[in-house]
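Worksheet for the structure shown next.
Nothing in this text is a laboratory measurement; each read-out follows from the coordinates by a stated rule. Keep in mind it's a predicted model, so treat the numbers as computed, not measured.
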Amino acid sequence: MVALAAQISKLGSVLQRAFYGSGGCVTLYEQRNFSGRRLAVTSDCPKLSECNFPERCNSVQVESGAWVGYEGENYSGCQYLWDVYDKREYSNYDKWLGTSDHISSVRVVREERSPSKICLYEKPGFSGRKVELQEDIPNLISCFNLNRFASARVLGGVWVAYQDANYRGPHYVLEKRDFNNYTEWGATAAYMGSIRRVRFH
């Protein structure tokens, strides 16, 4: 029965990708608890205002894939990750660690299938102490006595770094590439309290 359930789940993921494309689908709702006007997004949307949807989003349902919502147009400002880490439904913006209901742009996070691996560096330009990770770390300072990282190399997978421990606070999606400075992943300071892999399934 377990093997059959796994096969059904895998088939469902394949069918979702075939229907929505490789990016998946996320549905935005104007009001809390999945009510009010809604918009199904299946590809990058730099300006929600041009999609006949208000720049107010109070709940989200992830049908498939992983997504980032931004407070500003053209993928600028505070960013919020919506994936399937522990839920597919976010009944209000508190659930995605938002500080307001303002969402102006949305983009898909492309799945990167190589084994998850990231190197974090204490200083810009890949210098200072180096920490190499392949698993989720809920508290970086307790594991490595360090919570300031100013550059990073993503060697596999996609990661989300949080300013605070236990996956709380402002957060930033790090896709496969080199980040010479923390500003390149959107942060305003080098503080990083926790980090985890982005879930796509």
Helix 2-20 versus the longest principal axis of the chain: what angle, 0 to 90°, nearest 10, using Cα atoms?
80
Which of the aspartates and glutamates could a cross-linker bridge to residue 123, judged by Cα under 13 Å and excluding same-chain residues fewer than eight apart?
none
Reach of residue 47 by Cα under 16 Å, taken over lysines that are not fewer than 8 positions away in the same chain:
none
25 Å Cα-Cα reach of residue 130 towards lysines, excluding residues that sit fewer than 8 places from it in its own chain
117, 176
Estimated [θ] at 222 nm from DSSP helical runs (n ≥ 4, -39500 (n - 2.57)) normalised by residues in the chain, nearest 500
-3500 deg cm²/dmol
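Find, to one decimal place in angstroms, the Kirkwood hydrodynamic radius of the chain, where the mean of 1/r is taken over every pair of different Cα atoms and then inverted.
Details: mean 1/r = 0.0571 Å⁻¹.
Kirkwood radius, the chain: 17.5 Å.
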